[in-house]
Amino acid sequence: MSKTNKIYFYIAANLAMFIPIPGRFAFAVFVAIQFSMQMLLLTLLSHALKKIKLETLKTSILLIETVAFTILFKQLLTIYCPIAALTLGFSMYLPALTPVIMQFIFDDEGEDLIYQLRKNMAKSLTMGIFMVLYFLLRDIFGYGTIAMPMWKKIFYIHLPYNLQRTNATIFLATIPGSLIFISIILATALKIRQYLPKLKGKFAAKEEAE
């Protein structure tokens, strides 16, 4: 599998894990923070295991670390915003159930720590931006609000026009609607990726002709 296909597989698999999470922007912010911190810790731990030559136990140790960090993060989230921790519930543990994704992330191939951090955090940032935008659109079109994370609560900004009254937009807030929305986003991204080389070729041909 090519590097590009790995990234798309990573995005698709992770977005599929976010289906059980309510389509509110505030929850996406918390999960994105969790993912970024998790990626940082896993990268450092993966490099440490390689240094002490425990690569045979790598997958098991990374899974244990993922669960342990998720428990800690959920406890901290319970202090900051109890309603968010209660709503997210077991869905915060879903990344720990996907060791196949970790195999695609940590294909370091002898790279040094700085390069690994730069590469893996770039993937995490891409995933986080994609996820936050996805939940923002679901929040706006599915509920007609923007949910903002606040201390001890979730603050809802109600839009001037209640889009929730439209049946088509309400569908986006449901699980089937979320799946269809993800499919449309990924299909669009793949199409854009396919046409980019053609556009670059056309521009290059014009410059040569001039």
message: Can you sort Lys53, Lys152 by solvent-accessible area, 1.4 Å probe, largest first?
response: Lys53, Lys152
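With the cut-off at 24 Å, tell me which of the pairs Lys119/Lys153; Lys74/Lys153; Lys50/Lys74; Lys123/Lys191 have Cα atoms farther apart than that.
Numbers: Lys119/Lys153 35 Å; Lys74/Lys153 15 Å; Lys50/Lys74 29 Å; Lys123/Lys191 20 Å.
Over 24 Å apart, Cα to Cα: Lys119/Lys153; Lys50/Lys74.
The values are calculated or read from the model by the stated rules, or taken from the named source; none is laboratory data. These numbers were taken from a predicted model, which means no experiment stands behind them. These accessible areas exclude ligands, DNA and RNA; they are computed on the full protein's heavy atoms, side chains included. Shrake-Rupley method; radii C 1.70, N 1.55, O 1.52, S 1.80 Å.
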